[in-house]
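Chemist: Below you'll find the structure I mean.
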Amino acid sequence: MASFRPLPDPELQRLTDDQLIDYVRKARAHGVPAEADRAVALLAWGYMSTIRYRVGLRIPNQDIEDVAWDVLEGAIKSAFDGDSTIEFRGWIRIIIRNKVADYWRKHGDDPKHVPLPEEHEGDEDVWGVTPAVEGASPGLIDLEAATDKAYDELARGDHGQVVDEAIFGDRPSAEVAAEIDGMTAANVDQIKSRFRKRVRELLEGDEHTSD
């Protein structure tokens with residue numbers, strides 16, 4: 001087995017998500033759990049904007065930051081055993097759901113009764129107006145389900161990074177494109193548009209599989 005070399009913080013911070021996951025796997029294989037935990041912490045921190053966004057779909061605004069930090073701490077303390085970025089994102093989403101459920105158990109309220117946060121209200125280019133779903137109460141659970149489904153369908157590989165950074169992280173297209181090999185700002189805009197369109201389709205009841 002090849003030797004394992006712990007990396008200093010500057011080198012670790014330059015690794016991609018997939019490289020960090022590989023580092024986690026190698027650190028555990030060589031019996032260096034502290035290094036694995038350090039890499040998992042860096043990975044989870046990179047998803048903090050996404051964590052805040054997803055938590056914000058389910059709980060009142062004033063408590064978003066506290067629950068988001070609970071998610072981050074849970075991610076750092078839990079052992080991630082997957083081999084891919086897609087698995088890591090799914091693992092983060094599970095922790096988010098668990099922490100949100102913990103929040104509502106403590107507060108004794110039904111999340112279905114919490115108003116949908118009007119992020120970018122009035123800017124149809126971002127999310128559109130709050131949708132009404134025929135036969136059901138409009139609300140954040142519909143939006144979260146549509147967002148999750150669109151993410152599963154479309155956010156693979158570099159596209160997932162674009163969705164995480166440009167949409168959930170609200171970063172400029174050119175800035176995100178500069179961090180991905182072969183990606184242009186126009187490509188980022190296309191991916192954002194396709195993702196938002198798919199979310200709207202799902203909210204309107206169009207269940208066809210997106211291209």
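Chemist: Which count do you get for residues in region 67-79 that are within 16 Å of the chain's Cα centre (by Cα) and not aliphatic (A, V, I, L, M)?
Modeler: Step one: filter region 67-79 for residues within 16 Å of the chain's Cα centre (by Cα), giving 67-76.
Among the residues that remain, those that are also not aliphatic (A, V, I, L, M) are: 69-70, 73-74.
Within region 67-79, residues that are within 16 Å of the chain's Cα centre (by Cα) and not aliphatic (A, V, I, L, M) number 4.
Chemist: Still on this structure, please answer the following. Which members of region 1-22 meet the condition of being in contact (Cβ under 8 Å) with a residue 40 or more places away in the chain and hydrophobic (A, V, I, L, M, F, W, C)? Write out each step before concluding.
Modeler: Filtering region 1-22 for residues in contact (Cβ under 8 Å) with a residue 40 or more places away in the chain gives 17-18, 21.
Of everything in region 1-22, just one residue is in contact (Cβ under 8 Å) with a residue 40 or more places away in the chain and hydrophobic (A, V, I, L, M, F, W, C), namely I21.
Chemist: Now for a different question. Restricting attention to region 23-51, report how many residues are within 27 Å of A150 (Cα to Cα) and either without any contact (Cβ under 8 Å) to a residue 40 or more places away in the chain or assigned by TED's automatic domain parsing to the domain that holds F168 (or both).
Modeler: Going through region 23-51, the residues within 27 Å of A150 (Cα to Cα) turn out to be 40-51.
So of that shortlist, the ones also either without any contact (Cβ under 8 Å) to a residue 40 or more places away in the chain or assigned by TED's automatic domain parsing to the domain that holds F168 (or both) come out as 41-42, 45-46, 48.
Within region 23-51, residues that are within 27 Å of A150 (Cα to Cα) and either without any contact (Cβ under 8 Å) to a residue 40 or more places away in the chain or assigned by TED's automatic domain parsing to the domain that holds F168 (or both) number 5.
The values are calculated or read from the model by the stated rules, or taken from the named source; none is laboratory data. Bear in mind that the values here come from a model prediction, so they are computed numbers and not experimental data. A quick note on method: Cβ atoms are made from the backbone with ideal geometry, for glycine too, and the neighbour counts reach across all protein chains shown.
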